[in-house]
Amino acid sequence: MEYAMVRRMTIWLAAAHLVLLLAATSQAAAPRSILATVERVADGDTLMAISENATRLRIRLLGIDAPEIPHQGKPGQTYGVEARQHLLRLVLNHVVRIELFGSDAYRRLLAVIWHDGANVNVEMVRGGFAEVYRGARCQAYCRELTDAERRAQQERAGIWAQERYESPAAYRRRNQTS
């Protein structure tokens, strides 16, 4: 039991150190990139990975917002499960390059994920599995994300095929009081 607690604290400290490094280099011209293996996909825009130095990383895909999946007794959105499944197919158990852009209010690392030369964040939007995130100013790959969303809308791909589309942000607001 004592070993497990020490291990958790070590992992937490390593992750905290990584976040502090990111904060210190936030003024740098280029984002910091690391390699990691994706070990779990929580939903269409959040995943967990293990870095080369064995640090556990909780990552929020920067610039996108995927439909909500069922959790805590609340139903999910249409395409929420499909978005998670698509992200699983793209990255699970693969070594990916992670471009780090800081952290969010939930202490997740904000990142752009690259696999086989493809920007996974853009691929999620292009396939209609996510929309461009509108909760903050775009930080990276803005044109690519906007173009991908426009194309998905024109092709009525994924979420854009719905008769009555509700954004993930509107869904979260509507279900806060429920």
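The values are calculated or read from the model by the stated rules, or taken from the named source; none is laboratory data. Being a predicted model, the structure only gives us computed values, none of them experimental. Positions of Cβ are generated from backbone atoms using ideal geometry, with glycine treated the same way; all protein chains shown enter the neighbour counts.
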(request) Only residues in segment 113-138 that are more than 21 Å from residue 48 (Cα to Cα) count as the first member; pair them with residues that are basic (Lys, Arg), Cβ under 9 angstrom, at least 6 apart or cross-chain, and list the lot. (result) 126/151; 128/156
(request) Please work out if residue 166 is surrounded by 12 or more Cβ atoms within 10 Å (Cβ to Cβ), of a type outside the set (Gly, Ala, Ser) and in contact with a Ser or Thr (Cβ under 9 Å, 6 or more places away or on another chain). (result) yes
(request) For segment 18-34, state whether one or more residues are among the small types (Gly, Ala, Ser), surrounded by 15 or more Cβ atoms within 10 Å (Cβ to Cβ) and at pLDDT 55 or above. (result) no
(message) Can you confirm whether residue 102 is outside any strand (DSSP E or B) and either within 23 Å of residue 159 (Cα to Cα) or touching a residue at least 24 places away in the same chain (Cβ under 8 Å) (or both)?
(response) no
(request) Working only within segment 68-85, note down all residues that are part of a helix (DSSP H, G or I) and farther than 18 Å from residue 167 by Cβ. (result) 85
(request) Could you grab me the full set of residues in segment 64-113 that are farther than 22 Å from residue 37 by Cβ and basic (Lys, Arg)? (result) 74
(request) Filter segment 49-67 down to residues that are surrounded by 24 or more Cβ atoms within 10 Å (Cβ to Cβ) and either of a type in the set (S, T, N, Q) or not in a strand (DSSP E or B) (or both) and give me whichever is nearest to the chain's Cα centre (by Cα). (result) 62
(message) Of the conditions (1) hydrophobic (A, V, I, L, M, F, W, C); (2) within 19 Å of residue 47 (Cα to Cα); (3) touching a helix residue (DSSP H, G or I) at 6+ places or on another chain (Cβ under 9 Å), residue 148 satisfies every one except a single condition; which number is it?
(response) (2)
(request) Give the residues of segment 124-145 that are assigned to a helix (DSSP H, G or I), touching a helix residue (DSSP H, G or I) at 6+ places or on another chain (Cβ under 8 Å) and either of a type in the set (Val, Ile, Thr) or farther than 14 Å from residue 82 by Cβ (or both), sorted by residue number. (result) 125, 126, 144, 145
